[in-house]
1. List pairs: first in the range 146-165 and at pLDDT 90 or above, second surrounded by fewer than 16 Cβ atoms within 10 Å (Cβ to Cβ) and assigned to a helix (DSSP H, G or I), Cβ under 8 Å, 6+ apart or cross-chain?
2. Closer than 24 Å to H38 by Cβ and at pLDDT 85 or above: does that describe S97?
3. Looking at the range 108-134 only, could you name the residues that are of a type in the set (D, E) and under 12 Å from V164 (Cα atoms)?
4. Could you grab me the full set of residues in the range 1-38 that are open to solvent by 100 Å² or more (accessible area, probe 1.4 Å) and in a helix (DSSP H, G or I)?
5. Inside the range 137-176, can you point out the residues that are under 14 Å from the mean Cα position of the chain (by Cα) and either acidic (D, E) or surrounded by fewer than 17 Cβ atoms within 10 Å (Cβ to Cβ) (or both)?
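The values are calculated or read from the model by the stated rules, or taken from the named source; none is laboratory data. Not measured: the values here are computed from a predicted model. Note that each Cβ is placed from the backbone with ideal geometry, even for glycine, and that neighbours are counted across all protein chains shown. Please note that ligands, DNA and RNA were not included when accessible areas were found on the heavy atoms of the full protein model with its side chains. Shrake-Rupley method; radii C 1.70, N 1.55, O 1.52, S 1.80 Å.
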Amino acid sequence: MLLKDIQFFDDATRPPIPALPGITERQKLPGQHLKMIHDHLRDNMVTLGRLIERAAEGKASAEEVKAETADLVMVTNYRRFGTLCGQYCQFVHGHHSIEDQALFPSIRAQSPAFKAIADRLEAEHVVVHQLLERLIDTLIALADAPSRPKFDDAVEVYRALERVLLSHLGYEEEAIGDALGYFDIGV
């Protein structure tokens, strides 16, 4: 199995989220901005997932079918999947780097409870990045020599990334979204 050496976290072990008494609607705005950024990531995961399903089923648009033979359509789908995913991987990496370097140090400084949350979120970023790197490796192998087993490997890694990333985004929004405005930490 491609993922046996990645240390996945149990969501039940996440630190509890402290209450923020008296938070105002204005203070919730930075968290809503964070959610909007995360929604972009979620939308891209949906797009990539649909593309994977389409490629796995060997489906293509009418124009692609006319332009390519059956074998070339499969290669085109593999390449398209890799290109879109590569762009997505770069976006996620950039987003997490900003959080690790700019947001989490400020969150950590607020209390021991928020330090535990920031530490956990940063540790989850490591897992996400391991999965992104693994996905890139599987996509390179797929592009070098397209085959069904290599495509299946890429799908396996993508599905793990999807599970981990979507869970991470939700927890991050709940755990620090309101805290960003409450403690006046810019997004």
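1. Close Cβ pairs (under 8 Å, with a partner that is surrounded by fewer than 16 Cβ atoms within 10 Å (Cβ to Cβ) and assigned to a helix (DSSP H, G or I)) amount to E162/G49.
2. no
3. E124
4. Within the range 1-38, E25, R26, M36 qualify.
5. R159, E162, R163, L166, S167, G170, E172, E173
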